[in-house]
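What follows is calculated from the coordinates using simple rules that are stated; it is not laboratory data. For clarity, every value in this text was computed on a predicted model and none was experimentally measured. Cβ coordinates were reconstructed from backbone atoms using ideal geometry, including for glycine residues, and neighbour counts include every protein chain displayed.
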Amino acid sequence: MATSDCAHYIELCNSPIKFEAISKVTNVFYDDANQQVFTVRSGGSMGVVVKGPNDKTSITFRMEDRGNVSSMKFSPDRKILAIQRSQKSVGRSTEIKGFVWTNVNEISFITGNGVEFYQVNPEKRSLKNLKSLSVSVVWYVWMSREDGGMLLLSSGQLANSLQPVYFLPGAMLKLPKFEVDLPTLPKQPKQPLMERDVTMAYIYGQLYIIVLRHQPRPGVTGAEVVLYQVPHQKEAPAKKTNMLRLEMSGRFAINVVDSLIVIHHQASKTSVIFDIQLDGESDGYVSNHYPVVSPLPIKPFKMYLPNSANWIVFQPDIRQKSKSVILQVCRQMLLPGRQSSLPIISKVMDMLNNGYKAYLEAEIVALASDSANQQELKKRVIIDQSDMYTNVFDEVFEDNEHYLYELIINILVHNNCFYQLHQFLQYHVLSDSKPLACLMLSLESDYPPAHQLALDMLTRLATANEEIIEVLLSKNQLLPAIRFIRKAGITDTVSSRKFLEAAMNTNDGQLFFTVFKFFQQRNIRLRSSHVFHPDALMPMANTA
Amino acid sequence: MAVKEIKLCLLGESGVGKSSIVLRFVRDQYKECLESTIGASFMTKRVVLDERTFIFQIWDTAGQEKYRSLAPMYYRGAAAAIVVYDITRESSFPAAQEWVKELQRMASGNIVIAVAGNKCDLEDLREVSTVARKLPADDFTPSMGTSYYLHGTAREPGTRRAQEKKGCCGGGGKRNSDIIY
Amino acid sequence: MAAKEAEQTEIEVENEELQEDIAPGDCGSAMLIASDSFDSLVGNDYETELAIKKKKSHINEIVRQGSFEQEDSCGEQADVNHIGPYGDATTPSASEESSGEQSDPSMTKELSAVLDEISKSPDHDDDDVKTPEWKAQSKHVFILSDSGKPVYSRYGNEDKLVTVFGVMQALVSFVQDSAHDSIRSLVAGEHRIIFLHHENIILVCVTRGSESDRLIRIQLNYLYNQILSVLTLSTLKKIFKQRRNYDLRRQLSGSEKFLDSLLTMMEREPGLLLSAVRCLPLECQTRDMIAQSIVQHAKVKDLVFALIIANSQLVTLVRMKKYFLHPMDLHIIINLINAAESFKAAESWTPICLPKFDSSGFLQAHISYLDEACQTCLLLLTVDRDSFFTLSGCKTKITERLIKYNGLKAISDSLRKDSYNISKCGISDLRHFLYKNKSTAQYTSPELEAPYLSPGEQERLFGLYHYLHNRIHSSARPLKILYHVGQYEALLGWVTQGFELYAVFSPLVTKSLAINAVNKLMAWIRKEASRLFILESVTF
């Protein structure tokens, strides 16, 4: 395994949120929705520090110590703080398992018997029951969305009967139940489904319920992650669609970033990435997937952080570094000796290109419409050419050129891909530039028509007169050179000496005569005398 | 002083040297590669001899066969005719003989005929034997006019003799003419 | 060669921008017979022969006219002129040996026999001529009789080419007999073989060059007429009628140089292609004075044509009223003068046949130079063979008069290299041109100067003119105007009812510049017409 910096997919961001460790007096809570960590000291009397990954400063406040806090969450607009002190509060007999802010001023309580959906009236400091759902709940998982969220309730003896509940502003919708099949092991009772093994995520626009199975089947080593897709038609139950194979066992944490499923293995400190859009084996019902790339460790961090059993995982904004990750991946893909197969490389390239293309299209749309989307856009990760070049190709190909185009041209010519070269030029994949034209001139010995391609390019660049003349004269194409200067209107300003010299070098008397006469006429026009400036005739004097 | 005009013609096979002889005589010139005559050339030469002036009207004829039939035009009324052959070319001698016969037959009775064997300087290339050339001489009977040896002497103008030897024999030039009669 | 030089495409243009006007050089009276040289070759050769046969003999006319005027006509004279001065003497003698006569009627047999012979005998007499140098020659010309007897070969000795001649004859007769047609050309590898078959004479050109077939046939036709000029057509026919195997070289000995020099002339002298005569530029009054000198002092009975030629250009032509001179005849005359140094040595008196004027008989020519430097040649053409001294006297008087009125000086001035320069036209980019007035059959053209000074470059230039001419006169698609940009020159050809113009420009010229230049040139020619052309036809 590589030990260099580049061999990691995931690293802690440079400024992790530091917070006090859990101790006797300090408790830490994480608010998933707002991505904030609450540090409560001494029940709050000593202060609560709230930090989020994006917050520059933390919010600190005090509150009365009224007992242990089991969970603290801000409402979506951070105006109301709900604190659950005990399992049994808010005047209920049943155990309150937790609460979630489903919307601004809407809160749901999950109890052992079901879900209660309330609306909060901040001025009146009162709650109003909007709806209730009666179901026995073992545990729940909550995923918040823009205007609501998805609540997954687990019930049943083995806690594998899952009931999704969908929240919208002012509405709570029950979706069909489904069952998660549990691994069957001989001589062992079935283990119930654990909360920590279940997450929800939107992958490629579809809602999935992600279940981690530690011991899936006899004969299969390593854990598996099973994806249940919740169909858009809310009538049908979720069905198992994908299976991600991990070849490891132990504790895992699952993240979904940009529709990629990232699974972190605690023990080996590695992560693997899955993309369910890539093909996998299918048994007709379920597609099995293997990791996109081989697992690489999480970058070791300098700060020691104990891996506690309660390893709470942020949804890290992997995106910040995803670009470099992707580039690293690309680089790794192309490393000779360790390279991935060609179909995979091409798929990755296509993916990147599609992403870029989609980005460009979205950019156009965004520019045309409102600017609200632009923020979103900026977040999208794109790899563009210079990224690719500097980070990937440069290392792999060890070239000194600074321009991608030059690299391409060289590669095409040296690999005899002339048709492609012509296509690229014709469709302006390679933009016209003087250095490029000069490069093509230099390649003429390998590919003679490059000369004409270069000339054409220089002609398109309206500012390349000098170069064009040089090129033509160097090829003893005196008449085309003269016709060119005439057409370009620079007849009176060019130096006749260059032309006369080139004409002499052709050893062609007829040609020399023509060129000489041409400039003689110019002399007459400019100076009313056919006499040449002495400098102009120097080439002849030298050889005469 | 009387000026006598004398019409003279040169006859002979093509290439024997007629024009050279004339050129030497008239202009005292010699040209190495003198072109063959087309049709006939006409030149005059003024000679003063013994206080008498002669103007030779010289017809230098072309020797090619196709001009053969034109010859009468030139020897008709001529005072003298020089028939030339080339000593280095055997065939030119019989041709010369033919000319002589023709002249004897067709030309005026008073015509002086001289036969010249040209290119004597090319002795080593001689084809016409010195023996052979003597024989025909007997054929030329005095009835045609006197044949005589021209060599270095001028003839009496009054007898309408043709050639002045000095010019004709090309002294000093490359070609020497060996006049036999 | 020009075609190979072409880099850019040709543009065939409608003449909206060229200003067509009366052709410069038009005049009321013509002295030459106007024609396009290839007209006579368009038809079947046999038909052409027929046409010639039917033509009346001008010479007879003239002689008869003369004899009517003179009561004491000499019958002999008339007869002689009718047949030709050679009379019976040209009849081949009985001792003539015949060799290689083909009497076998089966042509295939002949052909294969000949071919067999070629293939199996490498050590023939042909050693000499089968050398690489001989083979490498670009353009061979062979003339042979109907029976395959060699008459002339441009390169090599005819005697050593017997089998080659045999093959050519076999090819001709094979096509003639089996297909009842006459073979015109063959292509073999990079060589083209062009045949021209006149009665009794076969002319063949084997070339690697790029001259067009048509041009070569024109050239072969000229060679044929050169032969006629030496023999007359009547004599030719008579000879072969009597003896099919006659070796014509006997009659042509000494005349090979005319054929040689004609071949050279044809490669340099555009007049043969244009069927036009080039006149020496002279002030109108000067030329008039010269012509009058002739009229006054050469008004002699039976004198048909009197002309002065200088440097292959016509100074003046004076003619009998009824008769005109054909440009081809004039070219043959010019060739005669150029090829024979002997005229410079002394006055000459020689028969000459002018094939276009009258192919049945000879005129007699008095040829002499008027000046020491032998630049100016006077020709007096008569039907009277005995008028030498008369004409000699004419010549003397004419010379005196010309000297007196500075005619000779004017001629020699005009002959100077720089007297007729393209720069005189004052048109930049124009390098050279040929302008022919169709009705007068005269053309004008400036002296060649840089960059056409070397023989190679001159040959190349004429190649360009040939190319232009051929393209414009192509029978498949005749053009009015042709503009062609080549590697070293731009060419413009323009043909109208009244004239033909071929102009050579710098390759950098543009089409509009060229057209502009041509318009200016036409205006210049129009202005100078009285000097460049003979506009007055002078008669006795």
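Just a few scattered comments:
- Inter-part distance where the stretch C:490-507 and the stretch A:450-529 are each reduced to a Cα centre, Å: 28 Å
- 3J(HN,Hα) along the stretch C:246-254, derived from phi through the Karplus expression 6.51 cos²θ - 1.76 cosθ + 1.60 where θ = phi - 60°, amounts to 4, 8, 5, 4, 4, 7, 9, 5, x Hz, with x in place of Gly and Pro.
- In terms of surrounding Cβ atoms within a 10 Å radius of their Cβ, C:Ile332, A:Ile485 rank from fewest to most as A:Ile485, C:Ile332.
- Average partner coverage of A:513-519, which counts Cβ from other chains inside 10 Å: 4
- Exercise: per-residue mean of other protein chain Cβ atoms within 10 Å, C:344-357: 5
- Among the GluC sites (Glu not before Pro) found in the stretch B:35-70, those both in a DSSP coil and sparsely packed, with 13 or fewer other Cβ atoms within 10 Å of their Cβ, are B:Glu51.
- All other residues whose Cβ lies under 11 angstrom from that of C:Asp329 are scored, Lys and Arg at +1 and Asp and Glu at -1, for a net of 0.
- Trypsin sites (Lys or Arg not before Pro) within the stretch C:321-423: DSSP coil, no more than 16 neighbouring Cβ in 10 Å: C:Lys321, C:Lys322, C:Arg416, C:Lys417
- Projecting label points 7 angstrom from Cα along Cα→Cβ for A:Asp446 and C:Lys344 puts them 6.7 nm apart.
- Near the amide H of C:Arg431, within less than 5 Å, lie the amide hydrogens of C:Val504, C:Phe505, C:Ser506, all on another chain or at least 5 residues away, with H placed in the peptide plane.
- Normalised by the number of residues in the stretch C:277-417, the average gap of Cα pairs under 8 Å and 6 or more apart makes the relative contact order 29 percent.
- Euclidean distance between Cα centres, the stretch C:218-272 to the stretch B:19-68, Å: 28 Å
- Net charge of Cβ neighbours under 11 Å - reference C:Leu144; Lys, Arg +1; Asp, Glu -1: -1
- If R0 is taken as 56 Å, the Cβ-Cβ distance between A:Ser249 and A:Ser132 corresponds to a FRET efficiency of 0.90.
- Close amide-amide hydrogen proximity is noted between B:Arg89 and B:Glu127, B:Val128, each under 5 Å apart and 5 or more residues distant or on a separate chain (H modeled in the peptide plane; Pro and chain starts excluded).
- Ordered by the count of other Cβ atoms within 10 Å of each Cβ, fewest first, A:Arg196, C:Arg192 give A:Arg196, C:Arg192.
- Under a 5 Å amide H cut-off, with hydrogens placed 1.01 Å from N, A:Arg251 pairs with A:Gln266, A:Ala267 among residues at least 5 apart or on other chains.
- C:Lys321-C:Asp386 FRET efficiency (beta carbon distance; Förster radius 35 Å; 0.05 resolution): 0.90
- Cβ-defined net charge surrounding A:Gly156, 13 Å radius [Lys, Arg +1; Asp, Glu -1]: 0
- Restricting attention to the stretch C:277-417, close to 95% of DSSP beta bridges with both partner residues there are antiparallel.
- Burial ordering of C:His180, A:His264, fewest other beta-carbon atoms within 10 Å first: C:His180, A:His264
- Peptide C:507-513 has a mean of 3 when you count, residue by residue, the C-beta atoms of other protein chains within 10 Å of its C-beta.
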